[in-house]
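Below is one structure, written out as structure tokens; the observations come after it.
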Amino acid sequence: MDINSPFDELPEGLVDDLLSSSKVVSINMKEKFESLIKNRSQLREKLDSEISIKNYNDLGNLPTFPTSAATDGSYTIDRLLSSDFASVAAVAVEGLTPPSENRKWPKPRYFSHVDNVEHNEETSQILRGMSAGLEVYLAQNAPHDVLFLDGSMKTPLIYLNNATEHLDDGPKSLVETFINGKDYYNEDKMPYPNFVNIIDAYLEVVESQRSDKIYAAVPKYTTKNEICQRLNLDNFEDRGLLTFLLKSNEYLVISSQDYPSKVHDIDTKSSKINKILKKDIIYKVKKIVENLKQNINVVYFKPSKYAPVLRVETSSFVTDHKQRLGILLEAISLQMNSLSLMEPYPLYLADRMVKNLSTALPAVKEEAFKEVIDNWKGDISEIYMAMHGYRTEGR
């Protein structure tokens, strides 16, 4: 197949239908954008009257050149005939630093776990919760001024809840690692986290009360349209709209009090969660949920003329403090000084790294297969088929 001919293996009639549909789509997109640009001045005036548009330069902060890092996680399942190879990893990557600054991290930090588990429908739910937990744990322990998390501030809560709902019917070894951790220390002598460590880290992230550290969640994709509804636009979402309306260095703050969001809980009913710790965990989970409902504000910020507007979720302890907000916006500006970046540089780098997890797992499986063969006394063909993979899935 010629890689330059994407239609080679498609029926000719289907290709014709696809190409003709693209013309209709392009007309609709053109009309939508033209209407928005035509009314841009009026929409911007209405926006400014509804929610004050501010300029980053008016904060008046002196440059502090904050250091920053970002975390991201991923999981992969390689489904074999007899069992599954399951892996999860999270990385923390340092952002760009000025030449005068010493790098705190010469290389990325990470935690990972690989396991061979029985076939189970809930494996992906447990892995997703483990990935989210490792991300917030790494963020809490990063020695940087600003920490970017991939996704929304609510994302870890959703994934942790999905995992805790299936602790009693998920793969036993994965559940054990998720709840109790394992005997492993990374190069910074940080222990692999257990469930309590993860809850503690998440609580610190959503509260963000430390004066020396700011946590900010930056989702790539969002369907939020509170601002669009105020402007009577029903065919846009907020980030896309504001990319047209805001100018370089402009931002606006959306208070959680004005736009309350629905937040679910974390299921702590499972017998796998230690009964002695359950009362303490329930209290901390309640505080996390309360903070997500009442204490997380949204900042829409356009760092330059050629950058998209970013949706940044952070604590009100950051947005209500002029200096801390200035440090956050400065960190974003420093990490988006390239035309090719659609998000802060460390987030981009962390995302690129964890996406390669699925390509590494087959090599791990092959090494495990060799170890089995070296110590196998019977017919090799007996285990070859049992370890044969028929489908690979990754996130």
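The values are calculated or read from the model by the stated rules, or taken from the named source; none is laboratory data. Since the structure is predicted, the reported quantities are computational estimates derived from the model, not experimental observations. Quick reminder, even Gly has a Cβ in these numbers, built from the backbone with ideal geometry, and neighbours come from all protein chains shown. Quick note on the areas: whole protein, heavy atoms, side chains included, nothing else; ligands and nucleic acids left out. Shrake-Rupley method; radii C 1.70, N 1.55, O 1.52, S 1.80 Å.
Tabulated data for the structure shown
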| quantity | calculated |
| --- | --- |
| Matching label, mean projected area of the Cα convex hull in nm² computed from the structure shown, candidates [x] 24.8; [y] 18.5; [z] 21.6 | [x] |
| Contact order relative to length of the chain, as percent, for alpha carbon pairs under 8 angstrom and 6 or more apart | 23 |
| Segment 315-335-segment 60-115 distance, computed between alpha-carbon centres (Å) | 22 |
| Partner lysines for Lys278 [C-alpha distance under 21 Å; skip if fewer than 8 residues away on the same chain] | Lys172, Lys182, Lys269, Lys286, Lys287 |
| Amide H partners (placed H, <5 Å) of Thr67, local residues excluded | Asp145, Val146 |
| Ordering of 210-221, 134-145 by burial proxy (mean other Cβ atoms within 10 Å per residue, highest first) | 134-145, 210-221 |
| Heavy-atom accessible surface of the chain: percent carbon and sulfur, 1.4 Å | 51 |
| Within a Gaussian network of the chain (alpha carbon springs, distance under 10 Å), most fluctuating of Thr76, Thr268, Thr359 | Thr359 |
| Helix-only [θ]222 nm of the chain, DSSP H runs n ≥ 4, -39500 (n - 2.57) each, per residue, nearest 500 | -13500 deg cm²/dmol |
| Given charges at Cβ of Lys, Arg, Asp, Glu: the chain dipole, positive-most of Ser271, Tyr283, Ile158 | Tyr283 |
| Accessible area in square angstrom per residue, the chain, 1.4 angstrom probe | 52 |
| Those GluC sites (Glu not before Pro) in segment 4-107 that DSSP places in a loop and that have at most 12 other beta carbons within 10 Å | Glu9, Glu101 |
| Kirkwood Rh, Cα atoms: Rg over Rh of segment 215-370 | 1.07 |
| Amide H contacts of Leu80 (H built 1.01 Å from N, under 5 Å, at least 5 apart or other chain) | Phe85 |
| Gained length - Ser211 relative to Ser340, 0.36 nm times residue gap less alpha-carbon distance | 43.2 nm |
| Residues whose placed amide H lies under 5 Å from that of Lys104, excluding near-sequence neighbours | none |
